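Since the structure comes first, as structure tokens, the remarks are kept for the end.
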Amino acid sequence: MVFIRKKKIKGSMYYYLVKSARIGNELRKYEKYIGKKEPTKQQIKEFREKVNDKIEQIKAMPKKKNDVSILKELKKFEEEQENKLKKEQENSVKHIENRKKSSIEEIKRKKAKLLEKKEKLILKTKKNAKEEAKEILKKYNILKNKLEKNYKKNFNKAVEIVFSEIMK
């Protein structure tokens, strides 16, 4: 019977197909890495058939050869499966690391764009503030000139009134 084994590695779920088989007095486990997605019925069927074929080949060997040869072939098959599993795991880790790197690069690009926008807004705000300051300065100077004119007129009138009072 084939069953699905889930392994959680670094926060991600990985799926494996597993089949146990008894050959002679020995129990053997066969494992196949599937990936991050649950295996399909087709994958399960193919794995079951492959393992069953391998077991039938081993059982079909002559008995004298069976003891040593079966063990060697099973060991070889087991090593092949383990190597495939390791390669798949390495590929998965590399894929995750690459996605992490690309995500970091994307974040850096977005951050640079935001900083650029921020700088533009600061420059625009400074420019607007300068323009507003110029307008305020113009209004101030106009009001100051009016006050100076009014001050001179009023001062001259006050001087005339004081002299006319003195002269009387």
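The values are calculated or read from the model by the stated rules, or taken from the named source; none is laboratory data. As the structure is a prediction and not an experimental result, all values here were calculated from the model. When we count neighbours, we look across all protein chains shown, and the Cβ atoms used for this are built from the backbone with ideal geometry, even at glycine.
Restricting Lys84, Lys120 to residues that are more than 30 Å from Lys29 (Cβ to Cβ) and at pLDDT 90 or above narrows the list to Lys120.
Filtering Ser20, Ser12 for residues that are out of contact with any Asp or Glu (no Cβ under 9 Å at 6 or more places or on another chain) and either charged (D, E, K, R) or free of Cβ contacts under 8 Å to residues at least 40 places away in the same chain (or both) leaves a single hit, Ser20. The numbered conditions (1) surrounded by 13 or more Cβ atoms within 10 Å (Cβ to Cβ); (2) part of a helix (DSSP H, G or I); (3) hydroxyl-bearing (Ser, Thr, Tyr) are all true for Ser102 except (1).
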